[in-house]
Amino acid sequence: MKVEVNGKSLELVQGDITEMETDCIVNAANEQLILGAGVAGAIRKKGGPTIQEECNKLAPIKVGEAVITGAGSLKTKHVIHAVGPRMGEGQEEEKLRSATLNSLRLAEKYNLRSISFPAISTGVFGFPVDRCAKVMLSAALEYLRGPTGIERVVFCLFGEESFRTFKEVLSELTSR
């Protein structure tokens, strides 16, 4: 699914974020920037050890913050590591919104034109997919409506259920 916003595109795809060829991909990171399981583990496995080595020099960061590294042997140029909230820690939606917007701002700072996001915090951090979709998509739409050099925002979703949920939420948000 693809929508146009202010001459830019926001897309939903189902697949493996490590295969994306956008200028950068976003890693659903932890505060210590340790590439363990889930999205981070896949990035470590396919991208090689240099990504973790760069992360080690940048850690720790706070929930809602984002940092950028190279992409090792991935198809993309950079990895933005954004720390989303753990369900139950409080102010989860605000923190997830910050992680999304800080990732977009960082891409902008590095003159990147395209970015791919996963569904941040929906794995081991336990954040509900429907709430994640509403927060992240709303933040991305708002960002694209403003002045930006980012031309393409992709949400690369792992699994049919996440894809379907994001599609329903995007349809709802853009039909208003």
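Only the coordinates and a few stated rules stand behind these numbers; no lab work does. A quick note: this is a predicted structure, and the numbers were derived from the prediction, not measured. We place every Cβ from the backbone using ideal geometry, glycine too, and count neighbours over all the protein chains shown.
Starting from the Cα gyration tensor of segment 1-87, take the square roots of the eigenvalues, sort them a ≥ b ≥ c, and report rounded, prolate or oblate (rounded when a/c is under 1.5, otherwise prolate if a/b is larger than b/c, else oblate).
Prolate.
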message: If you restrict to DSSP beta bridges whose two residues both lie in the chain, what percentage is antiparallel, to the nearest 5?
response: 35 percent
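Using the Kirkwood radius over Cα pairs, work out the Stokes-Einstein diffusion coefficient for the chain at 37 °C and 0.692 mPa s, in µm²/s as a whole number.
209 µm²/s
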- prompt: Could you name the lysines in cross-link range of residue 45, using Cα to Cα under 26 Å and dropping any fewer than eight places away on the same chain?
  reply: 57, 62, 75, 77
query: Straight-line reach from residue 46: which aspartates and glutamates have Cα under 20 Å away, leaving out those fewer than 8 places along the same chain?
result: 16, 19, 21, 23, 54
message: Below 16 Å, Cα to Cα, which aspartates and glutamates can residue 167 reach? Residues fewer than 8 away in the same chain don't count.
response: 4, 11, 130
query: Using θ = phi - 60° and the Karplus form 6.51 cos²θ - 1.76 cosθ + 1.60, what ³J(HN,Hα) does each residue of segment 80-87 get, whole Hz, x for Gly and Pro?
result: 9, 9, 10, 9, x, x, 8, 4
statement: Phi angles of segment 66-72, converted by Karplus (6.51 cos²θ - 1.76 cosθ + 1.60, θ = phi - 60°) into ³J(HN,Hα) in whole Hz with x for Gly and Pro, give 8, 9, 10, 9, x, 10, x
field: For segment 157-169, Karplus couplings with θ = phi - 60° (6.51, -1.76, 1.60), whole Hz, Gly/Pro x
entry: 10, 8, x, 4, 5, 4, 4, 4, 5, 4, 5, 4, 5
Under-5 Å amide H pairs with residue 120, H placed in peptide plane, nonlocal only: none
message: Under 8 Å for C-alpha pairs, at least 6 residues apart: give me the relative contact order for the chain, rounded to a whole percent.
response: 29 percent
task: Would you work out the charge dipole size for segment 100-176 about its Cα centre, treating the Cβ of every Lys and Arg as +1 and the Cβ of every Asp and Glu as -1, and quote it to the nearest 20 debye?
output: 240 debye
